[in-house]
Amino acid sequence: MPDKASETIDIEVYSQPTVRERNERHCCCSLTIKDLIRICSTVVIPLIFGLFTVVITIYQQRIAQLQRAQDLKIAQRQRVHDIELAQQQRTNDRKQAEVSLIVSKLADNIYLN
């Protein structure tokens, strides 16, 4: 007659693993799958945020460079326009001064005659 203790051991060897035993299977370095998932989520999430931050920073720098280039072009065009306006104003002032001088000479000639 077989011993009951030996029957119990034999049954445990051939029985299906429980849910807890399946979850606690060791993958590597005596870590369970659950531990590996925790480690990965602890490491991967900050890495994703870091990568996202770097990408956004590079993108913003590129946008700032493009805007700076546009601002420089606009400033250059504005300077050219201002110079043209100043030249026109000087020309108009010179013409106005010449007209005023001619009018004053004519007025002097009229009063002298």
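Consider residue 55 carefully, then state whether it is under 13 Å from the mean Cα position of the chain (by Cα) and surrounded by 10 or more Cβ atoms within 10 Å (Cβ to Cβ).
Values: under 13 Å from the mean Cα position of the chain (by Cα): yes; surrounded by 10 or more Cβ atoms within 10 Å (Cβ to Cβ): yes.
Yes: the conditions hold for residue 55.
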When you look at residue 100, is it at pLDDT below 90 and hydroxyl-bearing (Ser, Thr, Tyr), yes or no?
no
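The values are calculated or read from the model by the stated rules, or taken from the named source; none is laboratory data. No experiment lies behind these values; they were computed from the predicted model shown. Cβ atoms come from the backbone with ideal geometry, glycine included; neighbour counts cover every protein chain shown.
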